[in-house]
Amino acid sequence: MNANALWLQGEAAIDRKNWKQAERHYRQALALDSRHVPALIGLSTALSQRDAHRDAYAAIAGFFGENLR
(Lines give C-alpha, C1' and ligand atoms only; values in the text may rest on other atoms or scores of the structure.)
Protein backbone atom coordinates (compact mmCIF):
# COMPACT_ATOMS: atom_id res chain seq x y z
CA MET A 1 0.00 0.00 0.00
CA ASN A 2 1.27 3.48 -0.77
CA ALA A 3 1.03 6.73 1.20
CA ASN A 4 -1.81 8.11 -0.90
CA ALA A 5 -3.96 5.00 -0.38
CA LEU A 6 -3.37 5.20 3.39
CA TRP A 7 -4.25 8.90 3.34
CA LEU A 8 -7.52 8.05 1.59
CA GLN A 9 -8.27 5.48 4.29
CA GLY A 10 -7.61 8.20 6.87
CA GLU A 11 -10.02 10.50 5.07
CA ALA A 12 -12.70 7.79 5.14
CA ALA A 13 -12.13 7.37 8.89
CA ILE A 14 -12.44 11.14 9.36
CA ASP A 15 -15.77 11.06 7.53
CA ARG A 16 -16.94 8.48 10.09
CA LYS A 17 -15.46 10.57 12.93
CA ASN A 18 -13.22 7.66 13.86
CA TRP A 19 -10.31 9.83 14.99
CA LYS A 20 -8.05 7.04 16.29
CA GLN A 21 -8.33 5.02 13.10
CA ALA A 22 -7.72 8.15 11.03
CA GLU A 23 -4.64 8.94 13.10
CA ARG A 24 -3.31 5.43 12.53
CA HIS A 25 -3.75 5.66 8.74
CA TYR A 26 -2.21 9.13 8.54
CA ARG A 27 0.79 8.04 10.61
CA GLN A 28 1.25 5.01 8.35
CA ALA A 29 1.10 7.28 5.29
CA LEU A 30 3.71 9.59 6.79
CA ALA A 31 5.93 6.63 7.65
CA LEU A 32 5.97 5.74 3.95
CA ASP A 33 6.28 9.33 2.72
CA SER A 34 7.36 11.86 5.34
CA ARG A 35 6.56 14.73 2.93
CA HIS A 36 2.91 13.77 2.34
CA VAL A 37 1.30 17.08 3.31
CA PRO A 38 -2.34 15.91 3.11
CA ALA A 39 -1.53 13.14 5.61
CA LEU A 40 0.11 15.68 7.92
CA ILE A 41 -2.94 17.93 7.78
CA GLY A 42 -5.21 14.95 8.37
CA LEU A 43 -3.10 13.81 11.31
CA SER A 44 -3.21 17.23 12.94
CA THR A 45 -6.98 17.37 12.38
CA ALA A 46 -7.56 13.91 13.88
CA LEU A 47 -5.40 14.74 16.89
CA SER A 48 -7.13 18.07 17.43
CA GLN A 49 -10.54 16.40 17.30
CA ARG A 50 -9.36 14.15 20.14
CA ASP A 51 -8.20 17.24 22.10
CA ALA A 52 -4.58 16.15 21.65
CA HIS A 53 -3.54 19.66 20.67
CA ARG A 54 0.05 19.33 21.88
CA ASP A 55 0.47 16.20 19.77
CA ALA A 56 -1.01 18.02 16.77
CA TYR A 57 1.44 20.89 17.34
CA ALA A 58 4.34 18.43 17.68
CA ALA A 59 3.40 16.74 14.39
CA ILE A 60 3.37 20.07 12.55
CA ALA A 61 6.56 21.32 14.23
CA GLY A 62 8.30 18.02 13.53
CA PHE A 63 7.32 18.21 9.89
CA PHE A 64 8.92 21.62 9.52
CA GLY A 65 11.85 20.68 11.75
CA GLU A 66 11.55 23.78 13.87
CA ASN A 67 9.73 25.21 16.84
CA LEU A 68 6.65 27.05 15.61
CA ARG A 69 5.44 29.99 17.66
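Ligands, DNA and RNA excluded, the heavy atoms of residue 36 present near 20 Å² of accessible surface to a 1.4 Å solvent probe.
Whole-Hz Karplus values for region 39-51 come out as 5, 4, 5, x, 4, 5, 5, 4, 5, 4, 5, 8, 6 Hz, taken residue by residue from phi with 6.51 cos²θ - 1.76 cosθ + 1.60 and θ = phi - 60°; glycine and proline positions read x. If you sort the three axes of the alpha carbon gyration tensor as a ≥ b ≥ c, you get a/c of 1.5 or more for the chain and a/b no higher than b/c, which makes it oblate.
On the basis of the beta-carbon distance and an R0 of 22 Å, residue 4 and residue 60 show a calculated FRET efficiency of 0.60.
The charge dipole of the chain, taken about its Cα centre with unit charges on the Cβ of Lys, Arg, Asp and Glu (plus for the first two, minus for the last two), comes to roughly 140 debye.
Among the GluC sites (Glu not before Pro) found in the chain, those both in a DSSP coil and sparsely packed, with 15 or fewer other Cβ atoms within 10 Å of their Cβ, are 66. Just checking the listed ones, 56, 31, 22: in the Gaussian network model of the chain with Cα springs under 10 Å, the one fluctuating most is 31.
Relative to the current alpha-carbon distance between residue 49 and residue 15, full extension at 0.36 nm per residue lengthens the span by 11.0 nm.
Within the accessible surface of the chain, defined with a 1.4 Å probe on protein heavy atoms only, the carbon and sulfur portion equals 51 percent.
Using just its DSSP H runs of length 4 or more, each adding -39500 (n - 2.57), the chain gives a mean residue ellipticity at 222 nm of -24000 deg cm²/dmol after division by all residues.
The values are calculated or read from the model by the stated rules, or taken from the named source; none is laboratory data. Values in this document were obtained by computation on a predicted structure and should not be read as measured data. So basically every Cβ, Gly included, is an ideal-geometry build from the backbone, and we count neighbours across all protein chains shown. Just so you know, the surface numbers come from the protein's heavy atoms only, side chains and all, with ligands and any DNA or RNA stripped out. Shrake-Rupley method; radii C 1.70, N 1.55, O 1.52, S 1.80 Å.
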